[in-house]
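The values are calculated or read from the model by the stated rules, or taken from the named source; none is laboratory data. Note that this is a predicted model, so its numbers are computed, not measured. For the accessible areas, the whole protein counts, side chains as well, though only heavy atoms, and no ligand, DNA or RNA atoms are used. Shrake-Rupley method; radii C 1.70, N 1.55, O 1.52, S 1.80 Å.
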Amino acid sequence: MSDLHIERARTPEQLADWRAVHNTVIPTAVLSADEVRERAGRNRLDVAYLGDVAVGCSTVRPPDGEAPAATVIARTLPGFRGRGFGTALYERGLAHARTLSGEGVETVVLASNEEGLRFALARGFVEVERYLLPGDTVPFVTLRLA
């Protein structure tokens, strides 16, 4: 992991890398470049690079009117899982999320992402809700850090 570095997605290239990872890991909720730019304005978006290859990304959403907890979502491309990259993204995101809310931390995982669910459960998250986006058939799972 010595070549792993995590950067805040600010440049068009970094936002494109973030988007590519997101859309690969969450194919049921593909985002456009405009949607990613909008999210970058309200959330913290980070990209994990192994050398110059994007291998993961994360989102930290601050609390809002609906959710008093901050949300941390770490995504790692399938070919790079099990090597600590997701943990590095998660720990960085968690540290930031804890500065945003005293009401806890949540995460969201696509139900078909069994590795992602195991990752969250192994870190002390417990399932609190499942929901479908309009037109979707695979639910998202909201989990709260116990």
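Among the candidates Arg130, Arg75, the residue that is assigned to a strand (DSSP E or B) and under 11 Å from the mean Cα position of the chain (by Cα) is uniquely Arg75. Of all residues in region 10-44, those that are under 13 Å from the mean Cα position of the chain (by Cα), at pLDDT 95 or above and assigned to a loop (DSSP other than H, G, I, E, B) total 1.
Results for (1) open to solvent by 70 Å² or more (accessible area, probe 1.4 Å); (2) in a loop (DSSP other than H, G, I, E, B); (3) modelled with pLDDT of 95 or more; (4) among the aliphatic types (A, V, I, L, M), shown as yes or no for each residue.
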{"position": "Asp46", "(1), (2), (3), (4)": "no, no, yes, no"}
{"position": "Tyr49", "(1), (2), (3), (4)": "no, no, yes, no"}
{"position": "Cys57", "(1), (2), (3), (4)": "no, no, yes, no"}
{"position": "Pro63", "(1), (2), (3), (4)": "no, yes, no, no"}
{"position": "Glu66", "(1), (2), (3), (4)": "yes, yes, no, no"}
{"position": "Ser101", "(1), (2), (3), (4)": "no, yes, no, no"}
